[in-house]
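Following: one structure in structure tokens, then a few remarks.
The values are calculated or read from the model by the stated rules, or taken from the named source; none is laboratory data. All values reported here derive from a predicted model rather than from experimental measurement. Positions of Cβ are backbone-derived with ideal geometry, glycine not excepted, and every protein chain shown enters the neighbour counts.
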């Protein structure tokens with residue numbers, strides 16, 4: 001089995017164990033990246049800095065500063081940006097309901 005296949009199977013087993021109450025959510029570790037390339041994430045969506053900021057609830061100045069390296073991202077912002085990178089439509093739906 002490939003490495004990716006093994007990881008998928010392991011994830012499925014862990015999810016099943018959690019759903020069946022055989023393990024707790026505390027057993028899992030969330031990996032928060034030290035750096036997130038907001039410009040790459042934004043460009044993949046074809047959005048301007050202003051449109052990206054408005055779509056996901058950031059300020060235009062914050063997006064600009066992150067992209068230009070003038071400001072460091074806090075952990076919650078890095079987490080949100082990684083979710084936006086992987087599941088942008090889910091984030092849009094969640095924010096539309098807010």
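Confirm whether residue 61 is out of contact with any helix residue (DSSP H, G or I) (no Cβ under 8 Å at 6 or more places or on another chain), surrounded by fewer than 14 Cβ atoms within 10 Å (Cβ to Cβ), assigned by TED's automatic domain parsing to the domain that holds residue 82 and part of a loop (DSSP other than H, G, I, E, B). Steps first, please.
Working: out of contact with any helix residue (DSSP H, G or I) (no Cβ under 8 Å at 6 or more places or on another chain): yes; surrounded by fewer than 14 Cβ atoms within 10 Å (Cβ to Cβ): yes; assigned by TED's automatic domain parsing to the domain that holds residue 82: yes; part of a loop (DSSP other than H, G, I, E, B): no.
Spelling it out, it is not the case that residue 61 is out of contact with any helix residue (DSSP H, G or I) (no Cβ under 8 Å at 6 or more places or on another chain), surrounded by fewer than 14 Cβ atoms within 10 Å (Cβ to Cβ), assigned by TED's automatic domain parsing to the domain that holds residue 82 and part of a loop (DSSP other than H, G, I, E, B).
Could you list, ordered by first residue, the pairs with Cβ atoms under 7 Å in which the first is in region 3-23 and surrounded by 10 or more Cβ atoms within 10 Å (Cβ to Cβ) and the second is not in a helix (DSSP H, G or I), at least 6 apart or interchain?
17/23
In this structure, does residue 21 turn out to be over 16 Å from the mean Cα position of the chain (by Cα), outside any helix (DSSP H, G or I) and within 30 Å of residue 96 (Cβ to Cβ)? Talk me through it step by step, then tell me what you get.
Values: over 16 Å from the mean Cα position of the chain (by Cα): yes; outside any helix (DSSP H, G or I): yes; within 30 Å of residue 96 (Cβ to Cβ): no.
No; evaluated as a whole, the condition is false for this residue.
Restricting to region 36-57, name every residue that is assigned to a loop (DSSP other than H, G, I, E, B) and either touching a residue at least 12 places away in the same chain (Cβ under 8 Å) or closer than 15 Å to residue 89 by Cα (or both).
Once the filter is applied, which keeps residues that are assigned to a loop (DSSP other than H, G, I, E, B) and either touching a residue at least 12 places away in the same chain (Cβ under 8 Å) or closer than 15 Å to residue 89 by Cα (or both), region 36-57 yields 36, 45, 46, 47, 57.
Among the residues of region 69-98, count how many are in a loop (DSSP other than H, G, I, E, B) and touching a residue at least 12 places away in the same chain (Cβ under 8 Å).
As a first pass, look at region 69-98 and keep what is in a loop (DSSP other than H, G, I, E, B): 69-74, 87, 97-98.
Now drop any that are not touching a residue at least 12 places away in the same chain (Cβ under 8 Å), which leaves 73.
Looking only at that region, the number is 1.
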